[in-house]
Amino acid sequence: MTTRSLRTILFANSALAIFLPLLLVLFFGWLWLVPLISRGVNAQQHQLAEAIAGQVESFLTVAESHVTTIARLHPEAELTAEYRRHVQHVIYAAVKSVPHLRSLYLVDADGRIGMVGLMEDARVSSADLQGLDMTGNDLFRQTRTTGNLQWSETFLSVVGSGLSVAVAAPSGPRVLIGEIDLAELSLFLRRISMAKDRQLFVIDRRGQIIADQSGRYTAQQINLSNNELIQNSIKTGADASGLLDLNGTVMVGSIQKIRTLDWWVLVTEPRATAYRQVWVAVAIAVAGLLVTALTVLAASLVFSYRLARQIEALASHARNIANDEIVTRWPGSEIAELDSLAMTLQEMSSTLHERAKVLEHEIAERQKMEEELHLNAALLEEEVSVRQRTEEALRVKQLQLEAVNDSLEQRVREELAKNREKDLLMMQQSRLAAMGEMLSNIAHQWRQPLNELGILIQMVRYDYEDGLLDGQKVGQFIDSSMSTIQYMSNTINDFRDFFKQDRVPRLFDLEVAIQNAVGLVRASLQHYGITVTVELDRRCMVMGYANELSQALLNIINNARDVLVERNTVNPTIEVICRISDGEALITISDNAGGVTEEIIDKIFDPYFTTRHKSQGTGLGLYMTRMILESKLGGRISVVNTAEGAQFRIVIPCEQEVVSCGP
């Protein structure tokens, strides 16, 4: 049994008597206080969200009231020329007086825009919008059908460069539509934000962030519908408060509905910030309790010290008795029990001295026996000690071996995690680079159709001024315009399909995949005067990911295009040839740019290797091409120099061959 000093026992018992009730009070107080604090913080966040929702609704109501007021100025079926000029002036004045009103346009009864008012930095002119057919616009049709004020979903405006929402009001047989710049809503949220760490968001019915005080989340097009708190509120239509995760930070949030547009205002604040003042008050109260407890504990320590000192004096005299010393005077005490104990010990001392003489003889004989026993015990202890040291050494070696194994496993896990993170980062960088190339290709694909639309619109104006515009001309203009628009829509669909991620490998036609990849960049190559030819002798079906193969081919073709442009090659040419043989497809992509220098030809598939400036390339294109072909399609890639330039060779296994066809 472990023995302790009297001072320690008295002090420990006093501390237990003081701190045990204190801990119980803190525990049960915590159980009662935490829910109360949580409800208080949630209520405060809810009040703030409700106030901000009202301010955001007022922000939108300003534009709504302008649109409604102007719509009431011209309810007549017919407008005189003078009155139309007056209405046009009012529309311009409204756009200039409301900063977040991007544009106002009056749609006539036949569904065409008659009057337009635009902000000064608009990307289009009034002439571009006047006469535009709005009969296919959902907002226009709903307003005409219901005869009431209508709000649209959010959309990317052609007037400005950002996200917008439109409000439409009936004006007799016409409809007045106003576009509201949601970037101004982010600035509005920034002005009304009252705390540094607090985040304010406006969310639409799909959970998409359409405005925030910094604009960062809106630019990233973040959707919060997967958050349980926001998802339940949008689903049930009820306001709510609670905890949510935002970019890895636990936030206290409250979501409040904006009744005008079925939008939501989300107010969030880091949990540590929201609870800071409350926890400071709790800490002060706990500190006060601790100071009180420590004061009582100090008083208990003084009392324990005085009591222990008297008992230690008695113990000291008792030790003297054990050392065969005669004690003549025992210490007195102000405690009756201790004084009685001293007298009893003094009587025992006298009795013990008498018995000690009798025992001395017996002790002398027993000492001889004990010496022999001690000698045998010493030999046994030495043997046991040797065995213990041997066993301890074995345990140390075992622990060292286990530690080395644990360290190796940890290092292997860390390296695997680093490699996975590196692969994900390189995939993301490659995807972003591909998106940049696709945007450039879309621009080249759309340039000619846009020119054609511009010429058609100008021809309609000239025919109208020359009095040549009739039903046939209008029909031809509409057919040509819709054909061009359909071509542009098909282009968007092609590029959108390119970015779709295949979740499972599928059988796909290799010829179709090659033709689609070349078709995506053909306009870009023609822009630089580069001739591209495709030659396919037979078709085959490949098991894998068609979009991944297209991305790999685009990386190689884009590299060839950049080298041809950089080296200013005469009659630049890119040739794509596919041959099927022995169950494998050999795809060669050749150019006439002079080839790859021998010093770097073995490095071009390495990650982050590039011969261009960092601002012009990441060095991931050919590396990701090799990764896609090897891991997603089970193929391989190599590069050689020909007489005219570089030739990339891709080998992919075929699942089955199809009937032969021409190039």
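What FRET efficiency comes out for the pair residue 249/residue 20, r = Cβ-Cβ distance, R0 = 35 Å, nearest 0.05? Display every interim value, and only then the final one.
On the way: r = 38 Å, r/R0 = 1.08.
Once the sixth-power term is evaluated, E becomes 0.40.
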Report summary line: Here, residue 226 and residue 141, labelled 7 Å along Cα→Cβ, have an inter-label distance in nm of 3.4 nm
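Can you tell me the FRET efficiency between residue 537 and residue 600 if r is taken as the Cβ-Cβ distance and R0 is 35 Å, rounded to the nearest 0.05?
On the way: r = 33 Å, r/R0 = 0.93.
So the FRET efficiency works out to roughly 0.60.
Using Cβ contacts closer than 10 Å as the measure, can you line up 591, 181, 110 from fewest to most?
Numbers: 591 27, 181 24, 110 11.
Fewest-to-most Cβ neighbours within 10 Å comes out as 110, 181, 591.
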Query raised in the report: Given C-alpha coordinates of region 43-201, what is the ratio Rg to Rh with the Kirkwood estimate of Rh?
Result: 1.02
**Report entry** Karplus 3J(HN,Hα) series, Hz, for region 59-67 with 6.51 cos²θ - 1.76 cosθ + 1.60 (x for Gly, Pro)
**Finding:** 4, 6, 5, 4, 5, 4, 5, 5, 5
Report summary line: Expressed in nanometres to one decimal, the distance between label points 7 Å along Cα→Cβ at residue 297 and residue 313 is 3.0 nm
Report summary line: For region 502-657, using Cα atoms only, the Rg and Dmax in Å read 15.1, 44
Report task. At 0.36 nm per residue, minus the direct Cα-Cα distance, what do residue 9 and residue 374 gain on full extension? Give it in nm, one decimal, please. Result -> 127.8 nm
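Taking the Cβ of each residue in 105, 83 as the centre, tally the other Cβ atoms inside 10 Å and list the residues starting with the fewest. Can you show the working numbers first?
Working: 105 24, 83 13.
Placing the least packed residue first, the sequence is 83, 105.
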Report summary line: Exposure-ranked with fewest Cβ neighbours within 10 Å first, 159, 521, 280 stand as 280, 159, 521
Query raised in the report: Of all the Cα-Cα pairs you can form in region 184-276, what percent are over 19 Å apart?
Result: 34 percent
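Each value in this text was obtained by applying a stated rule to the coordinates, not by laboratory testing. The model shown is predicted, which means the values in this text are computed figures rather than measured ones. Quick reminder, even Gly has a Cβ in these numbers, built from the backbone with ideal geometry, and neighbours come from all protein chains shown.
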